[in-house]
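Asker: Here you go, one structure.
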Amino acid sequence: MIQQEGFVQNAPKRRVLRGSNQQRITGVVVNNGLSVPRDARRRFRAILENIRRTSVEEQARGKTDFKAYLKGFASYVKMVQPEVGKKLMEEVHSVLAEDVRKRGAAK
C-alpha cells in the first residue's frame, strides 16, 4: 500500500509500537486517552512537597520567576487532564500561600 501511494519506506525508522509501552506525541502520553507522563507529575509533586518543607526560593535554585513555572506546569496538566490539573492547581495555590505566611512570620 505504501508503494502504491508513491511513498518509499525508510526501514531503519520502522518501529512496532505495542500497547504496553508509553506512546508519546509532543510529550503527552496517548495510550488510553491523553495524560501527562507519570514521572513528570511525580517530580512536580516532589517539588511542591519540598517547597512545603523549605521555601520557594530554596527550590527555585536560581530560576527566575519560579512561581510562574509552578502555575504554568499545573495549567499544562489541567489542559491535558482537567481533574488532575485542578487538584494540582489548588495545591500550587495552597503551597504559595503557605510560603507567603511562613515568610511573613519569619520577619
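Asker: Name every residue in the range 9-24 that is over 19 Å from Arg38 (Cα atoms), of a type in the set (Gly, Ala, Ser) and at pLDDT below 85, in order of residue number.
Answerer: Of everything in the range 9-24, nothing turns out to be over 19 Å from Arg38 (Cα atoms), of a type in the set (Gly, Ala, Ser) and at pLDDT below 85.
Asker: Here is a follow-up. I'd like to check which helices (runs of 4 or more DSSP H) are fully inside the range 55-107 and have at least 1 residues that are of a type in the set (Lys, Arg).
Answerer: 66-80, 82-106
Asker: Among Phe44, Phe7, which is within 19 Å of Pro82 (Cβ to Cβ) and aromatic (Phe, Trp, Tyr)?
Answerer: None of the others qualify; the one that does is Phe44.
Asker: Next question, about the same structure. Just to be sure I understand, how many residues within the range 65-86 are under 19 Å from Gly33 (Cα atoms), of a type in the set (D, E, K, R) and surrounded by fewer than 17 Cβ atoms within 10 Å (Cβ to Cβ)?
Answerer: The number of residues fulfilling the criteria is 2.
Asker: Sticking with this structure for a sec: Looking only at the range 40-59, count every residue that is loosely packed, with under 10 Cβ neighbours inside 10 Å and either aliphatic (A, V, I, L, M) or in contact (Cβ under 8 Å) with a residue 40 or more places away in the chain (or both) and tell me the total.
Answerer: Qualifying residue count, the range 40-59: 0.
Asker: Take the residues of the range 1-39 that are assigned to a loop (DSSP other than H, G, I, E, B), surrounded by 10 or more Cβ atoms within 10 Å (Cβ to Cβ) and β-branched (Val, Ile, Thr): which is nearest to the chain's Cα centre (by Cα)?
Answerer: Top of the filtered list is Val36.
The values are calculated or read from the model by the stated rules, or taken from the named source; none is laboratory data. Keep in mind that what you see is a predicted model, and the values were worked out from it rather than measured. Glycine gets a Cβ as well: all are built from the backbone with ideal geometry, and neighbour counts include every protein chain shown.
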